[in-house]
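Quick notes on the structure that follows.
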Amino acid sequence: MRLGFTPTEERFRAEAAAWLNAELSGPFRDLRGHSSHTSHIERRREWERRLGRECWSCIGWPETFGGRNATLAEQVIFAEEYARALAPARLGHLGIELVGPTLLAFGTEAQKHRFLPPIARGEEFWCQGYSEPNAGSDLANVRTRARLERTPDGEEWVVDGQKVWTSLAQFADWIFALCRTQEGSRGNQGLSYLLIPVRQGGVSIRPTREMTGESEFNETFFAGARTARDNVVGAPGEGWKVAMGTLAFERGVSTLGQQMAFRNELDQIIAAARANGTADDPIIRQRIAEAHIGLRIMRYSALRMLSGDGSLGPGALTYKIYWATWRRKLGELAMDVLGPTGEVAGSGEHELGTLTKMYLFSRADTIYGGTNQIQRNLIAERALGLPKEPRGAT
């Protein structure tokens, strides 16, 4: 197990930190510490383009497509320094962290050259079309359908159905969606992974207002939406394999550097406890200590996942359930430290404090990206090799 980083990796850390701090103390200082996912959209688009011009947007990608060929360790380091610098939430993270790596692994050369450079340059943004009203953790139950239809310009996929929890869909240009393309198929058979332009008449988006006051999530409706025949990743009918690859990326590098963002949240809680006197409460002090210990365990778990060959081993499967459960408890600690002031909104409509928003959103951490129950199944079946959970006939 690696307990730290090499001198070369630390030099990379210094370079990344220097660039981030220069930008966020200069032309983008108004975005420093900005954690909202749904505001300051145009400024955040400018920030994404700035990252792209300097090849800091997707550093793990090949240079051909706008990356830096960074190692897994360097990607983790950059994610840590990004959070340490209090850089804004990434508007393009679904393209950079999910569909981009999926195209690198499963896409054709034409798809890579068409889609990856605009993502890297911060010119095109993506959302994810997996969950449906009757297909959440049971993703194989998707009912959104797509069929090929001949047009004067060639064949196109015509898509009808509904997706839910499509993060940032209202700002997206494209959606990667799991659709049923084989008539009569059931379960994980007969599915295809389609790339669909969002800005067309056949797609409508309805934002969902959350208890945080924001509308990061959306419902997305397809009514005769169209996309080119070639905009299918992998072969038609093999969408399940590609979709599972995307989920593996979701649980990969993008999560390893987030401890620094969690450290920032814990530091805010400690500052609040010192300011209002709750730090004198021995129970609060013990819970803060436990949160700190949990964060260190998370750190060493991330270092353990940096295996010698640069890949993520079975131990990575334990990471999501650990951090999600830890952060939910951190949100509860934040509210106990804040007391009644944490329950009062500001002067604006539903204007909540940062820690209050963190508490409310942390309730979703153990649900999205696979519930804790699903995570336990993954650990049992894929990491420990235990018999699969019995499932009914499909």
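All of the numbers you see were taken from the coordinates with simple rules; none came from a lab. Being a predicted model, the structure only gives us computed values, none of them experimental. Cβ placement follows ideal geometry from the backbone for every residue including glycine, while neighbour counts extend to all protein chains displayed.
The Cα atoms of region 267-308 cover 46, 17, 6 Å along the three principal axes, with the biggest extent listed first.
Report the calculated FRET efficiency for E15 and N377 (r = Cβ-Cβ distance, R0 = 41 Å), to the nearest 0.05. Walk me through the numbers on the way to the answer.
Working: r = 41 Å, r/R0 = 1.00.
Approximately 0.50, to the nearest 0.05.
Sites counted here are GluC sites (Glu not before Pro) in a DSSP loop (not H, G, I, E or B) having no more than 12 other Cβ atoms within 10 Å; the longest part of the chain that contains none of them is 184-348. Residue-wise HN-Hα couplings along region 290-303, as the Karplus relation 6.51 cos²θ - 1.76 cosθ + 1.60 with θ = phi - 60° gives them from phi, are 5, 5, 4, 4, x, 5, 5, 4, 4, 4, 5, 5, 5, 5 Hz; Gly and Pro carry x. Think of it as helices only: each DSSP H run of n ≥ 4 in the chain is worth -39500 (n - 2.57), and spread over all residues that comes to -12500 deg cm²/dmol at 222 nm. Mean silhouette area of the chain, derived from the convex hull of its C-alpha atoms and averaged over all directions, reads 21.2 nm².
GNM on the chain, alpha-carbon springs under 10 angstrom: the most fluctuating residue among W47, W157, W19 is W19.
Rounded, prolate or oblate: which fits region 209-288 when a ≥ b ≥ c are the square roots of the eigenvalues of the alpha-carbon gyration tensor, with rounded for a/c under 1.5 and prolate only if a/b beats b/c?
On the way: a/c = 4.75, a/b = 2.41, b/c = 1.98.
It comes out prolate by the Cα gyration axes.
Couplings 3J(HN,Hα) of region 200-210, computed from phi: 8, x, x, 10, 10, 10, 10, x, 10, 6, 9 Hz, in residue order, whole Hz [Karplus 6.51 cos²θ - 1.76 cosθ + 1.60, θ = phi - 60°; x for Gly and Pro].
Work out how much length E183 to N134 would gain on full extension: take 0.36 nm times their residue separation and subtract the Cα-Cα distance, in nm to one decimal.
Working: separation 49, 0.36 × 49 = 17.64 nm, distance 1.84 nm.
Full extension of this stretch gives 15.8 nm more.
Derived scalar couplings between HN and Hα for region 227-236 equal 8, 4, 4, 6, 8, 10, 8, x, 7, x Hz in order, rounded to whole Hz, by the Karplus curve 6.51 cos²θ - 1.76 cosθ + 1.60 (θ = phi - 60°), x for Gly and Pro. Less than 5 angstrom separates the built amide H of A225 from those of V159, all sequence-distant by 5 or more or on a different chain. Taking 7 Å steps out from each Cα toward its Cβ at E54 and A345 produces label points 3.7 nm apart. Does region 84-239 come out rounded, prolate or oblate by the C-alpha gyration tensor, with a ≥ b ≥ c the root eigenvalues, rounded set by a/c under 1.5 and, if not, prolate when a/b is larger than b/c and oblate if not? Verdict is oblate for region 84-239.
Backbone amide hydrogens, once placed in the peptide plane, bring E216 within less than 5 Å of E210, excluding anything fewer than 5 places away on its chain.
For region 1-141, what does the alpha-carbon gyration tensor say about shape, rounded, prolate or oblate, given a ≥ b ≥ c as the root eigenvalues, a/c under 1.5 as rounded, and a/b over b/c as prolate? Prolate, since a/c reaches 1.5 and a/b exceeds b/c.
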